[in-house]
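What follows is a set of notes on a single structure, which appears directly below.
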Amino acid sequence: TLRTLDGGRLDELGAFGAVSWSWGATQWQAGVRYSWAEQANADAAEQTRSAWNGFAELTWQAGERLELRGSLDNGTRFPSLSELYFSGTTGAGGVIGNPELDSEQALNAELSARWLGRRLFLGGVLVHNTIDDYIERVEIADDLLTWVNLTSGTIRGMELQAVWMLDESWRIFGSGHVMRGRDENDRPLADIPPHQLQVGTRRDKGRWDFHTRLAYRAEKDDPGSREQEIGSAWLLDVTLAYAVSSRWKVALSGLNLL
């Protein structure tokens with residue numbers, strides 16, 4: 001049955017507050033947010049949702065150049081109008097909206113470290129997200145999808161970043177991430193990016209700007225619902241730019257050269 005968004009309406013209201021204070025070598029922050037939303041479409045029943053969310057964060061200046069940070073927060077995502085009410089054909093196949101969807105709840109924890117030297121920056125973060133009533137797209141028949149609430153899901157990951165300033169105009173950078181997402185039955189969640197590692201260089205000299213990036217994207221052999229397996233790949237981007245004036249810049253870019 002085709003059911004487009006006919007007179008779809010979303011009204012939202014949010015209010016938040018935060019406090020911060022210092023104590024010795026530490027800085028503390030905490031806050032709270034109230035969210036309210038009203039959603040409706042054509043002859044569907046109007047839905048009203050609300051949620052309270054909060055966060056707490058601690059930053060410790062562990063040394064002259066080392067900073068450590070930890071944070072904990074919870075979040076709520078209301079289902080979108082399309083997830084609730086739209087039924088029809090999309091580029092991914094047929095879709096049936098689910099007006100019975102519950103709001104998605106998440107509890108997020110992060111631990112990070114940053115080291116800032118005279119010419120070298122290093123950073124890393126560990127992420128652990130626990131999600132309840134995760135809104136997931138699932139296949140219920142050939143080329144027919146709908147949205148459901150999974151009981152729970154967990155996303156864990158790590159990100160690293162480094163920048164080395166060779167001089168005032170030349171720098172080398174690198175970054176990478178490893179992410180894993182599973183539901184309560186150890187099935188893969190959708191929209192989890194494949195592992196990736198990249199390095200690059202950038203040089204800004206006068207009017208010239210030269211930028212390169214080489215990335216290795218790992219294979220993804222555990223795709224989520226309606227996703228495809230992809231192989232590993234090397235990705236190379238190169239850009240050369242010239243500032244003709246303070247207002248004009250011309251650039252020649254080669255993307256995905258491999």
Next item on the list: List the number of the failed condition for ALA233; all other conditions in (1) open to solvent by 40 Å² or more (accessible area, probe 1.4 Å); (2) at pLDDT 95 or above; (3) over 25 Å from TRP164 (Cα atoms) hold.
Entry: (1)
Item checked: Candidates ARG171, ARG180, filtered to the one that is in contact (Cβ under 8 Å) with a residue 12 or more places away in the chain and over 17 Å from the mean Cα position of the chain (by Cα) -> ARG171
Margin query: Which count do you get for residues in the stretch 214-239 that are in a strand (DSSP E or B), of a type in the set (Lys, Arg) and touching a Leu at 6+ places or on another chain (Cβ under 7 Å)?
Written below: 1
Check: Do any residues in the stretch 76-101 that are buried (at least 16 other Cβ atoms within 10 Å of the Cβ) have Cβ atoms under 6 Å from those of residues that are among the small types (Gly, Ala, Ser) and not in a loop (DSSP other than H, G, I, E, B), where the two are at least six apart or on different chains, and which pairs are they?
Finding: THR76/ALA51; PHE78/ALA37; GLY97/SER87
Check: Do we find a residue being of a type in the set (Phe, Trp, Tyr), over 21 Å from the mean Cα position of the chain (by Cα) and open to solvent by 70 Å² or more (accessible area, probe 1.4 Å) anywhere in the stretch 198-215?
Finding: yes
Checklist line | Subset of the stretch 1-38 [over 25 Å from the mean Cα position of the chain (by Cα) and in a strand (DSSP E or B)] | finding: ARG3, ARG9, VAL19, SER20, TRP21, SER22, TRP23, THR26, GLN27, GLU38
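Can you find a residue that is touching a residue at least 12 places away in the same chain (Cβ under 8 Å) and not in a strand (DSSP E or B) anywhere in the stretch 120-142?
Within the stretch 120-142, the subset touching a residue at least 12 places away in the same chain (Cβ under 8 Å) is 120-140.
From the residues that got through so far, the ones that are not in a strand (DSSP E or B) too are none.
No, the stretch 120-142 has no match at all.
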Note to self: Criterion first (assigned to a strand (DSSP E or B) and open to solvent by less than 80 Å² (accessible area, probe 1.4 Å)) does GLY70 satisfy it?
What the structure shows: yes
Next item on the list: Only residues in the stretch 18-29 that are surrounded by 11 or more Cβ atoms within 10 Å (Cβ to Cβ) count as the first member; pair them with residues that are of a type in the set (Asp, Glu), Cβ under 9 angstrom, at least 6 apart or cross-chain, and list the lot.
Entry: SER20/GLU57; GLN27/GLU57; TRP28/GLU57; GLN29/GLU57
Check: Just a yes or no: is a residue in the stretch 49-56 of a type outside the set (Gly, Ala, Ser), under 25 Å from the mean Cα position of the chain (by Cα) and closer than 19 Å to TRP21 by Cβ?
Finding: yes
Checklist line | Options LEU145, LEU111; residue that is under 30 Å from GLY176 (Cβ atoms), in a strand (DSSP E or B) and either modelled with pLDDT under 90 or of a type in the set (A, V, I, L, M) (or both) | finding: LEU111
Item checked: Lone unmet requirement of (1) in a loop (DSSP other than H, G, I, E, B); (2) in contact with a Lys or Arg (Cβ under 8 Å, 6 or more places away or on another chain); (3) open to solvent by 40 Å² or more (accessible area, probe 1.4 Å) for ASP191 -> (2)
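Does GLN47 satisfy being over 21 Å from ASN129 (Cα atoms) and surrounded by 13 or more Cβ atoms within 10 Å (Cβ to Cβ)?
On the way: over 21 Å from ASN129 (Cα atoms): yes; surrounded by 13 or more Cβ atoms within 10 Å (Cβ to Cβ): yes.
Answer is yes for this residue.
For residues in the stretch 129-168 being farther than 29 Å from VAL95 by Cβ and out of contact with any Phe, Trp or Tyr (no Cβ under 9 Å at 6 or more places or on another chain), which is most open to solvent (accessible area, probe 1.4 Å)?
GLU168
The values are calculated or read from the model by the stated rules, or taken from the named source; none is laboratory data. Computed from a predicted structure; not experimentally measured. Counting neighbours? That spans all protein chains shown, and the Cβs are built from the backbone with ideal geometry, glycine included. Heavy atoms of the whole protein, side chains included, go into the accessibility calculation; ligands, DNA and RNA do not. Shrake-Rupley method; radii C 1.70, N 1.55, O 1.52, S 1.80 Å.
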